[in-house]
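What follows is one structure encoded as structure tokens, with my remarks underneath.
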Amino acid sequence: MLLELNNVSKTFTRDGQEVRAVQQFAHQVESGQFIAIRGPSGCGKSTLLMICGGLLRPDCGTVRLDGQDLYALSGEGRAGIRAAHIGFVFQQFHLVPYLNVLDNVLTAGLGITQSATVSRNLQSRAMALVEQFGLIDRVDHLPAELSTGQRQRVALARALLNRPRLLLADEPTGNLDAEASQVVLDHLQEFAAAEGAVLLVTHDSAAAKRADLLIGMESGCLVAPAETGGDV
């Protein structure tokens, strides 16, 4: 089992009121799965994704990646796991504005101890991804010089640099037109088909239909998973 969540809960306090973002959430993710998570705004989807990625400690429950309890590790230990095994793709891209396309892709390697050989390998891997994503003629461009779809492709290439086993994608097509969305979703499907695993948070029914399994969330709780292919 690649990722296992066991009775995970997270509560925030806002304006003196408790907000139960995630409640007793339990699910397993296997290699090769493409899972979409849907639900109304504020239901806890993004919070759940951050917990899965080792970015937000739950109040209770366990999150295991390849059997390793992420939150039993130190912050440094979790950072190492994230860098080596987890890729993140966000709606807002989070590209560094003063770095060009190649250097933005290479930022994913900053969390890995690099020998000269590792550094050369990452450079080669980054250039291969830039070419794969159709960005070779934009390799020296800054994010502001790219289209929205191109920026998301840079973000996806960055997420794939370290050959992660798990991709966590939070509304990655939310700012894209239909054509650019299809390109991103094609790459997510290819990643899962190559024995990676994808957790996709989306409001887009067309994006959700690309997944093998649909998970619904309401008020922080899991709604019974269902195979995709019908109305979602």
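Each value in this text was obtained by applying a stated rule to the coordinates, not by laboratory testing. A quick note: this is a predicted structure, and the numbers were derived from the prediction, not measured. So basically every Cβ, Gly included, is an ideal-geometry build from the backbone, and we count neighbours across all protein chains shown.
Structural remarks
- Computed over neighbours whose Cβ is under 12 Å from that of Leu200, the net charge equals 0, Lys and Arg +1, Asp and Glu -1.
- Each residue, Leu73 and Leu110, gets one label point 7 Å from its Cα in the Cβ direction; the gap between the two is 1.9 nm.
- Cut-off 13 Å between beta-carbons: net charge of the residues surrounding Gly149, Lys and Arg +1, Asp and Glu -1: 0
- Net length available on complete extension from Ala194 to Arg20 is 59.1 nm, with 0.36 nm assigned per residue and the Cα-Cα distance removed.
- Cα gyration tensor shape of the stretch 18-88, rounded if a/c is under 1.5, else prolate or oblate by comparing a/b with b/c: oblate
- Other residues within the sphere of radius under 15 Å centred on the Cβ of Ser31, judged by their own Cβ, net out at -3 (K and R +1, D and E -1).
- Helix 148-160 and the longest principal axis of the C-alpha atoms of the chain enclose an angle of approximately 80°.
- As a size descriptor, the averaged projected area of the C-alpha convex hull of the stretch 1-128 was calculated at 10.2 nm².
- Report note on the peptides 173-186, 41-54, 203-216: ranked by the mean count of other C-beta atoms within 10 Å, highest first, their order is 41-54, 203-216, 173-186.
- Taking all Cα pairs closer than 8 Å and separated by 6 or more residues, the relative contact order of the stretch 3-227 comes to 31 percent.
- Angle in degrees between helix 116-132 and the longest Cα principal axis of the chain, rounded to the nearest 10: 80 degrees
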